[in-house]
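A.B. asks: Sharing a structure with you now.
The values are calculated or read from the model by the stated rules, or taken from the named source; none is laboratory data. Here the structure is a predicted model, which is why all the values come from computation and not from measurement. Cβ: placed from backbone, ideal geometry, glycine included. Neighbour counts: every protein chain shown.
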Amino acid sequence: MDTVVGRTCPFCQFPVKTGDEVWVCSQCGMPHHASCWRENGGCTTFGCRGHPGLDGVQSIATAGQMAARAETTYPAPRESTTALTGVRYAGFWPRVAARMIDVTIALVATFVIGIGFTAWTGSDSGVDATVGGALFVTCTPAWLMWFLVSEVYLVGTRGQSVGRMAVRIKVVQIDGTPMTCWTAFRRALLELLLASTTYALFYLSVATHPQHCGWHDRIMNTAVIHAR
């Protein structure tokens, strides 16, 4: 059994070093820096039900002492334990980069459709009321198609839109069950509603969370992680 030295603390995302004070969760077996455990008030693995305080600690020791215990084993996880133990959560900026790529693709597709429609109608400017209204009617389905293909189908079947594929991150359910198109649809719709009503507060909910899970992720029990 590997020792805790070198394993990544899920709260600060830094590895445990020899000599560090280590607290190990009795629910999921994930080692934490003692300061990270105390700051969070319990296990920091997203979705784990490790209790705060000593009741949720399997052992308290320095990493050097843990390394000396060759026969040390971790308790078997319970059924409620998250399947995301040991993964690396995607940060705020990779998520922003993925969104920018997806939006750029949607804008380019909409622009191409708009230009094509203008050429088809024979309008030189494409700015008169009739063509302008028609462009709106034509481009709106383009955005809807992008939403259904990118955020519902691709995320529901692969966990990744094109932008997420590019930056190598993916959406997962924290209980380990596969993503579905229905879950992806509800998550994406919830994201649109929250982002359009709370504005910057929504993005702060992603930026300030330890695992960068926004309100929509916490409601839907999902997370965004680095794809392997």
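A.B. asks: Within segment 166-202, track down each residue that is surrounded by 15 or more Cβ atoms within 10 Å (Cβ to Cβ) and under 13 Å from the mean Cα position of the chain (by Cα).
C.D. replies: VAL167, ILE169, LYS170, VAL171, VAL172, GLN173, ILE174, MET179, ALA184, ARG187, ALA188, GLU191
A.B. asks: Are any residues in segment 27-49 outside any helix (DSSP H, G or I) and in contact with a Phe, Trp or Tyr (Cβ under 9 Å, 6 or more places away or on another chain), and if so, which ones? Step through it out loud before you land on a result.
C.D. replies: First, pick out the residues of segment 27-49 that are outside any helix (DSSP H, G or I): 27-33, 41-49.
If the condition is that a residue be outside any helix (DSSP H, G or I) and in contact with a Phe, Trp or Tyr (Cβ under 9 Å, 6 or more places away or on another chain), then CYS28, GLY29, MET30, PRO31, HIS32, HIS33, CYS43, THR44, THR45, PHE46 are the ones that fit.
A.B. asks: Another question, if that's okay. Could you list all residues from segment 91-112 that are of a type outside the set (Val, Ile, Thr), free of Cβ contacts under 8 Å to residues at least 40 places away in the same chain and surrounded by 13 or more Cβ atoms within 10 Å (Cβ to Cβ)?
C.D. replies: In the first step, residues of segment 91-112 are kept if they are of a type outside the set (Val, Ile, Thr); the result is 91-95, 97-100, 102, 106-107, 109, 111.
Restricting the remaining residues to those that are free of Cβ contacts under 8 Å to residues at least 40 places away in the same chain gives 93, 107, 109, 111.
Listed by number, the residues that qualify are LEU107, ALA109.
A.B. asks: Within segment 9-46, take every residue that is of a type in the set (A, V, I, L, M, F, W, C) and in contact (Cβ under 8 Å) with a residue 60 or more places away in the chain and give me the one that is surrounded by the most Cβ atoms within 10 Å (Cβ to Cβ).
C.D. replies: So the residue we want is PHE46.
A.B. asks: A further question follows. PRO94: at pLDDT below 85 and either part of a helix (DSSP H, G or I) or not aliphatic (A, V, I, L, M) (or both), yes or no?
C.D. replies: No; evaluated as a whole, the condition is false for this residue.
A.B. asks: Further question: From TRP120, TRP146, grab the single residue that is part of a helix (DSSP H, G or I), surrounded by fewer than 18 Cβ atoms within 10 Å (Cβ to Cβ) and modelled with pLDDT under 90.
C.D. replies: On the way: TRP146 fails: surrounded by fewer than 18 Cβ atoms within 10 Å (Cβ to Cβ).
Result of the check over TRP120, TRP146: TRP120.
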